[in-house]
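The values are calculated or read from the model by the stated rules, or taken from the named source; none is laboratory data. This structure is a prediction, so every number in the text was calculated from the model and none was measured. Ideal geometry is used to build each Cβ from the backbone, glycine not excepted, and the neighbour counts take in all protein chains shown. Heads up: the accessible areas ignore ligands, DNA and RNA and are worked out on the full protein's heavy atoms, side chains in. Shrake-Rupley method; radii C 1.70, N 1.55, O 1.52, S 1.80 Å.
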Amino acid sequence: MKPVVIIGAGMAGLQAASQLHLNQIPFLLVDAQNHVGGRLHSEHVKGFTLDVGFQVLQTNYPEVQRSLDLPALDLASFESGAYLWYQAGWLAFVNPLKQPGSLFDALASGIMTIKDALLLARLWFITQKDVEPLGSHESTQDFLNRWGFSTKFQAHFLRPFFAGIFLSAGLNPPASLFRYYMKQFLEGTAAMPAAGIGAIPLHIAAALPADSIRLGTQVTQVSAHQVNFADGSSVEASRVILATDASTAAKLLGVSLEKGAFWSTKTLYFQAPASADNKSMLHLVPNSRVLHYAYLNNVQPSYAPKGKDLISVTTLDVSMQSADVLAELALFVGPSIQKWAFLKEYLLPEALPVVGAFDELKQKAVEAGIVLAGDFTGFPSLQSAMHSGREAAESCLPA
Ligand SMILES: Cc1cc2nc3c(=O)[nH]c(=O)nc-3n(C[C@H](O)[C@H](O)[C@H](O)COP(=O)(O)OP(=O)(O)OC[C@H]3O[C@@H](n4cnc5c(N)ncnc54)[C@H](O)[C@@H]3O)c2cc1C
């Protein structure tokens, strides 16, 4: 029996492979890189664990709950909330569902109004029913303005926090996606595995037969029942699941993507001698080129050697250099920033696909008889990548 060939061993491809394996359908999973995971990858540098682009595992995602053995990943979670910069100091704004008193501190400080608090409560209430991530055409920014969140609360919390999730400074993604993520953050936790975010795909791959995975194998051509590789060889397939990033899928199917089909970001890592600071939430930096920074070892101690801090800095300005970051953050971090030493940076020009930018690609795949998977087929997240992989595999099962 010819195998189902899955191109791309990111979370979508791995999830497709797991489902086929569960159903005893032969498959071949190939990836151009020498590791599985795609955009979910970690490197180990000088004793630090560096995720290739700061990201977290939302433990509440249905696919995560359904498919991952969370205890095996040895997770540690961010405290739910963020530090907000207001009147020359940091204010801890903890998720009101977990620490209601935090709401009163925020109200007393003046960073949010009573109307903001009521709107948050209303938002939480509607997210109990409204869980369709792609259900609206209104942008998140228009939604926040229409509902009447105060300028201050938007500038100090909503905008930097959600710009960091969407990687869109203008909060362009749909308001329904904002409500979906808000629900995940209010009700779940944002976690990091002990061995780095890249442990998640490794964990899935470990349960698959090793001879069904071929790494370092770039696909150059694809049709409904044949896949050609860069070394000139090819393989026949019962079905093909194309689970690459959207750019590669478009190239392989001969589709031109519009400019602006992706959101970009850069993560810069710094080390410092361990400080007395044990803050385990993101520091949101308002009206700045930096969106947020975090002491990652305060959340997951395995990310840094003993006696050291590991600080991640996330920006949407991909031209930012480490010196720019230090200058920009001096006010917010204070004198201890002089002890920060640059470790490494990761520039991700195609970090997240823009919702709705891939309709032609999806249509072309249908016409070519190829099954598409990947976050770009839905919305940019592990949930969507894994869900698309599951659906792709199900479509290859015998009727
Ligand atoms: C900086 C950053 C932060 C993020 N933050 C979060 C977050 O906090 N929470 C969240 O849920 N999601 C987050 N995401 C999104 C999440 O990482 C992605 O949605 C998910 O990893 C996408 O998986 P995928 O399988 O669809 O695609 P990819 O991971 O892109 O996998 C595609 C695979 O195809 C392979 N490939 C490409 N071309 C070829 C070829 N020609 N031949 C063979 N193989 C090929 C690639 O090597 C890659 O392994 C973040 C992403 C980034 C980059």
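Below are the figures for this structure:
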{"quantity": "Residue under evaluation residue 231, criteria (1) in contact with a helix residue (DSSP H, G or I) (Cβ under 6 Å, 6 or more places away or on another chain); (2) of a type outside the set (S, T, N, Q); (3) free of Cβ contacts under 8 Å to residues at least 24 places away in the same chain, criterion not met", "calculated": "(1)"}
{"quantity": "When residues of region 165-211 are limited to those that are in a loop (DSSP other than H, G, I, E, B) and surrounded by fewer than 18 Cβ atoms within 10 Å (Cβ to Cβ), the one farthest from the chain's Cα centre (by Cα)", "calculated": "209"}
{"quantity": "Region 343-383, residues that are of a type in the set (Gly, Ala, Ser) and in contact with an Asp or Glu (Cβ under 9 Å, 6 or more places away or on another chain)", "calculated": "357, 373, 374, 381"}
{"quantity": "Long-range neighbours under 9 Å by Cβ, at least six apart or interchain, first residue basic (Lys, Arg) within region 162-190, second assigned to a helix (DSSP H, G or I) and open to solvent by 10 Å² or more (accessible area, probe 1.4 Å)", "calculated": "179/126; 183/124"}
{"quantity": "Pairs where the first residue, in region 256-273, is on the phi > 0 side of the Ramachandran plot and the second is within 14 Å of the ligand (Cβ to nearest atom) and modelled with pLDDT of 95 or more, C-beta under 7 Å, 6+ apart", "calculated": "260/354"}
{"quantity": "Selection from region 242-274 of residues that are touching a helix residue (DSSP H, G or I) at 6+ places or on another chain (Cβ under 8 Å), over 19 Å from residue 348 (Cβ atoms) and within 11 Å of the ligand (Cβ to nearest atom)", "calculated": "242"}
{"quantity": "Some residue of region 66-74 being of a type in the set (S, T, N, Q) and more than 21 Å from residue 268 (Cβ to Cβ)", "calculated": "yes"}
{"quantity": "Tally, over region 12-31, of residues that are within 15 Å of the ligand (Cβ to nearest atom) and either basic (Lys, Arg) or at positive phi (or both)", "calculated": "0"}
{"quantity": "Count - residues of region 306-319 that are out of contact with any His (no Cβ under 7 Å at 6 or more places or on another chain) and either among the basic types (Lys, Arg) or crowded, with 19+ Cβ neighbours inside 10 Å (or both)", "calculated": "9"}
{"quantity": "Test: residue 236 is more than 14 Å from the ligand (Cβ to nearest atom), more than 23 Å from residue 80 (Cβ to Cβ) and not small (Gly, Ala, Ser)", "calculated": "yes"}
{"quantity": "Qualifying positions in region 266-285 - open to solvent by 10 Å² or more (accessible area, probe 1.4 Å) and not hydrophobic (A, V, I, L, M, F, W, C)", "calculated": "271, 273, 275, 277, 278, 279, 280"}
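Results for (1) of a type in the set (Gly, Ala, Ser); (2) more than 19 Å from residue 39 (Cα to Cα); (3) within 10 Å of the ligand (Cβ to nearest atom), shown as yes or no for each residue.
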site: 335; (1), (2), (3): no, yes, no
site: 354; (1), (2), (3): no, no, no
site: 377; (1), (2), (3): no, no, yes
site: 390; (1), (2), (3): no, no, no
